[in-house]
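Worksheet: the structure to be examined is printed underneath.
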Amino acid sequence: MCGPVDKECGIDLPGLTVIVGNYGSGKTEVAVNLAVYQNAIGRRVRIADLDLVNPYFRTREARKVLNQLGIETILPPEGLLQADLPILSPAISGLIRQPGDCAIIDVGGDDAGATVLAALADAFSGRKKPFNVLQVVNPYRPNTDSVEGCIAIRKAIEAVSKLSINGWVGNANLIDETQTGHIRYGYQFMRALSERSGLPVAFITVAKELLSGVDIHEFEIPLLTIYRQLVPPWKKAIALS
Amino acid sequence: MAKVLMKGNEAIAEAAIRAGCLNYFAYPITPQSEVAEYLCWRMPEVNGVFLQGESEVAVAYMIFGAAAAGARVFTTSSSPGISLMSEGISYLAGAQCPAVFVNIMRGGPGLGGILPSQADYLQATKGIGHGDCRMLVMAPATVQEAAEMVMKAFPLAEKYRNPVMILGDGLIGQMMEPVEFPDDLKSEPTNKDEWATNGMDHRKSKTRNLVRSLFLDPVVLNNNNLVLKEKYEKMKDEILFESYNTEKDYRILIVSYGTMSRVCRTAVDMLADEGIHVGLIRPQTLFPFPEEAICKAVTSSGCKLVLSIEMSMGQMLEDVQRSVLGACPVEWYGKCGGEVPTPEEIIDLIKARMASL
């Protein structure tokens, strides 16, 4: 269990982490909460919004709360935040080359969203240290409700991004209708996916509201607590403090 | 089928397939392009057709052609795209051909912006095309309801032999919620022999069908318009609305639709926690409009003020005023640049207006 209040969850992802996944898998919520966690354990964190395909519910929506926590956000210029344009901030290639303590890149969905990564191939190939490319999976989404579906999306993302995915993130949820049974099913699903693909599961997620319903010892994988930040206007984000 | 997590746009796409619609013609535009993205792989799975037109004008006539042949057909677009389809929609209405149009609205006028808006209310309910042309308009507030309304829209379009519109704001298209579909709803238009130009061999009636909206004889054209008028009156049978917190006595009634109504609902709940009761009527059909329900909600309570809360500059206000029949004042509150009014804004507004009642 981890998050801003509990620092002992076993997630250890220093340096550069690129978050990819299918459309609507929850990449942004995962990226934002991972940034908050990394910040809480004392790392200097920078997060880049590289979502060029999604018009709403992007990392940029959480910029104020991230900045208040001291997390640096790398975004298109303020005046163009809502532009329907694929703006690639030049600061991102610098972030890839020199991620420092902790850099998180939140990429757009599917192979369409990951295509932009190929444009950054020079920056990636110039790196000497290995880095994490994690594919977020929600088995309650169409197309990733089977191990085969997840692997097909992995191949499509790898083909266009010119990067190799080297870990999974399990993000099983039905948003407000998530129950602990969904978390347990997601855990088993990720174990099967890991076994078939030979890739490790970096962590799975559980919403803060459901934490009391699960015993963390049930899981042999680190657990990231999600404090939901990307909410519609009639709901409140979960306080991070 | 178990619940899955879907974007509104994906759910709209899947709902059309579940309803047996295997023809989709469209041109992409934010914030609804995911419908096309979804159907470009999903339609081939069910042996359906997705064709991207060269423009929305072309799309409207592809729809007309498929509808004339008796097929279930639909398209999705956003505000400027719907404007381009306007001429073709009028042709469909004039020729009495059924089809479903989904408008996931963005801010305007002109190119406007890509954020949520409800600024096409008047276009959808009163000015969807030239001539005496109307559409049945439904406005969902949740992803589940968007899917259900799409599935319902096809039989309604066929029943009235008229285009039907699903009017959602950008949030309906972009937000994700759990959604559940019935296993199999697939059906065909049962009455297509009334209009479809699909050959005579199988047909009981030996009268030829002619799809046209051109009536040069003024008497014949007038008669066609009288037929349409009668249908638009009959559509009142389909009026749908939701009442919330109206069982208590209230001095203020909110009328709000779509995702805006969900903000209002949160405000109503928060006010109720403070002991302040405000009623809420959410029209689910915008044309025809639930006039009687609003009138009753005003006259059967101690209501002193009605607020029309919208993500437009007051486009629904006149319909609400018309419904209230002068029983109390009706005021507008809203925004239309992409920002959605917050529950706190609505609460402040209600408290301020309550103090002066």
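The values are calculated or read from the model by the stated rules, or taken from the named source; none is laboratory data. Here the structure is a predicted model, which means the values were calculated and not measured. Counting neighbours? That spans all protein chains shown, and the Cβs are built from the backbone with ideal geometry, glycine included. With ligands, DNA and RNA removed, areas are computed over all heavy atoms of the protein, side chains included. Shrake-Rupley method; radii C 1.70, N 1.55, O 1.52, S 1.80 Å.
In the range B:333-348, is there at least one residue being in contact with a Ser or Thr (Cβ under 6 Å, 6 or more places away or on another chain), over 20 Å from B:Ser79 (Cβ atoms) and either away from chain A (no Cβ under 14 Å) or of a type in the set (Val, Ile, Thr) (or both)? Within the range B:333-348 (the criterion being in contact with a Ser or Thr (Cβ under 6 Å, 6 or more places away or on another chain), over 20 Å from B:Ser79 (Cβ atoms) and either away from chain A (no Cβ under 14 Å) or of a type in the set (Val, Ile, Thr) (or both)), the answer is no, since none of the residues qualifies. Would you confirm, using the coordinates I've provided, whether B:Leu210 is in a loop (DSSP other than H, G, I, E, B) and hydrophobic (A, V, I, L, M, F, W, C)? Here the answer is yes, as B:Leu210 does meet what is asked. Please verify whether A:Asn173 is modelled with pLDDT under 95, within 12 Å of chain B (Cβ to nearest Cβ) and under 19 Å from the mean Cα position of the chain (by Cα), treating the condition exactly as stated. So A:Asn173 fails the test.
So that you can scan it fast, the table gives a plain yes or no per residue for (1) within 14 Å of another protein chain (Cβ to nearest Cβ); (2) touching a residue at least 60 places away in the same chain (Cβ under 8 Å); (3) hydrophobic (A, V, I, L, M, F, W, C):
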{"site": "A:Val45", "(1), (2), (3)": "no, no, yes"}
{"site": "A:Asp51", "(1), (2), (3)": "yes, yes, no"}
{"site": "A:Phe57", "(1), (2), (3)": "yes, yes, yes"}
{"site": "A:Pro77", "(1), (2), (3)": "no, no, no"}
{"site": "A:Pro99", "(1), (2), (3)": "no, yes, no"}
{"site": "A:Leu117", "(1), (2), (3)": "no, yes, yes"}
{"site": "A:Leu120", "(1), (2), (3)": "no, no, yes"}
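Selection of the range A:142-174 for residues being open to solvent by less than 10 Å² (accessible area, probe 1.4 Å), in contact with a helix residue (DSSP H, G or I) (Cβ under 6 Å, 6 or more places away or on another chain) and under 22 Å from A:Ala123 (Cβ atoms) yields A:Ile157, A:Ser161, A:Ile165. Cβ-Cβ contacts under 6 Å between residues 6 or more apart (or on different chains), taken from a first residue in the range B:180-192 that is acidic (Asp, Glu) to a second residue that is exposed (fewer than 13 other Cβ atoms within 10 Å of the Cβ) and part of a loop (DSSP other than H, G, I, E, B), are listed as B:Asp183/B:Met1. Looking across the range B:313-345, the residues that are touching a Leu at 6+ places or on another chain (Cβ under 8 Å) and in a loop (DSSP other than H, G, I, E, B) come down to B:Gln315, B:Met316, B:Cys328, B:Pro329, B:Gly337, B:Gly338, B:Glu339, B:Val340.
Taken together, B:Ser312, B:Ser308, B:Ser243 contain a single residue that is small (Gly, Ala, Ser), open to solvent by 10 Å² or more (accessible area, probe 1.4 Å), in contact with a Gly (Cβ under 8 Å, 6 or more places away or on another chain) and modelled with pLDDT of 95 or more, which is B:Ser243. When restricted to residues that are in contact with a helix residue (DSSP H, G or I) (Cβ under 9 Å, 6 or more places away or on another chain) and open to solvent by 70 Å² or more (accessible area, probe 1.4 Å), the range B:198-209 contains 2.
Out of curiosity, is A:Gly113 out of contact with any Pro (no Cβ under 8 Å at 6 or more places or on another chain) and free of Cβ contacts under 8 Å to residues at least 12 places away in the same chain? In short, no.
Residues in the range B:178-201 include at least one that is in contact with a Cys (Cβ under 7 Å, 6 or more places away or on another chain) and away from chain A (no Cβ under 14 Å). Just checking, does the range B:258-267 include any residue being on the phi > 0 side of the Ramachandran plot and touching a residue at least 24 places away in the same chain (Cβ under 8 Å)? The answer is yes; a qualifying residue exists. Being under 16 Å from the mean Cα position of the chain (by Cα), open to solvent by 20 Å² or more (accessible area, probe 1.4 Å) and either more than 20 Å from A:Ser164 (Cα to Cα) or modelled with pLDDT of 90 or more (or both) is a property that holds for A:Leu52.
Where strands (runs of 3 or more DSSP E) fall wholly inside the range B:1-99, the ranges with 3 or more residues that are within 13 Å of chain A (Cβ to nearest Cβ), crowded, with 21+ Cβ neighbours inside 10 Å and touching a residue at least 24 places away in the same chain (Cβ under 8 Å) are B:4-7.
Residues that are away from chain B (no Cβ under 12 Å) and open to solvent by less than 80 Å² (accessible area, probe 1.4 Å) were ranked within the range A:81-92; the one that is farthest from A:Ile41 (Cα to Cα) is A:Ile87. In the range B:229-270, the qualifying residues are those that are among the small types (Gly, Ala, Ser) and assigned to a helix (DSSP H, G or I), and the one that is farthest from the other protein chains (Cβ to nearest Cβ) is B:Gly258. Could you tell me whether any residue of the range A:146-165 is free of Cβ contacts under 8 Å to residues at least 60 places away in the same chain, assigned to a loop (DSSP other than H, G, I, E, B) and within 19 Å of A:Val30 (Cβ to Cβ)? Taking every residue of the range A:146-165 in turn, none turns out to be free of Cβ contacts under 8 Å to residues at least 60 places away in the same chain, assigned to a loop (DSSP other than H, G, I, E, B) and within 19 Å of A:Val30 (Cβ to Cβ).
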